[in-house]
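Scroll down for the structure; my scribbles are underneath it.
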Amino acid sequence: GCELTASTKSYTFQVDEEDDSDHILALSVVCLTDGAKDECNVVEVVGRNHENQEIAVPVANLKLSCQPLLSLDNFKLQPPVTFRLAAGSGPVHLAGWHRIMHREDISFEDDDDDLFEED
């Protein structure tokens, strides 16, 4: 997780470019924490589209008096991705999970031949 505040307005999650594993980052919960004011706190996700252009998408608009927490049901993102506090002073806590899937050098075609033997 990470926390966005008035002094730390963004956090970037990135992986080593030379890592040949597949990475998935999933955002589960965005919530206001102790010390938050009753103001709109807008959290954006900044990433790249299919044309490799930077795009920013608001994913949460939190206010202490009406919506202090938002469940994003494991909203999946492809690193690198930046979380940015576009409005408000926070603190806003973001929580989720990071999955690493290692690519195997073994071909599935070779394994299929062993499963089906002729009688």
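The values are calculated or read from the model by the stated rules, or taken from the named source; none is laboratory data. These numbers come from a predicted model, not from an experiment. So basically every Cβ, Gly included, is an ideal-geometry build from the backbone, and we count neighbours across all protein chains shown. The area values use the complete protein model at the heavy-atom level, side chains included, leaving out ligands, DNA and RNA. Shrake-Rupley method; radii C 1.70, N 1.55, O 1.52, S 1.80 Å.
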Selected residue (only one of Glu17, Glu51, Glu44, Glu3 is open to solvent by less than 60 Å² (accessible area, probe 1.4 Å) and either touching a Phe, Trp or Tyr at 6+ places or on another chain (Cβ under 8 Å) or among the charged types (D, E, K, R) (or both)): Glu44
Qualifying strands (runs of 3 or more DSSP E) (wholly inside segment 64-111; at least 3 residues being at pLDDT below 90 and farther than 16 Å from Glu44 by Cα): 92-101
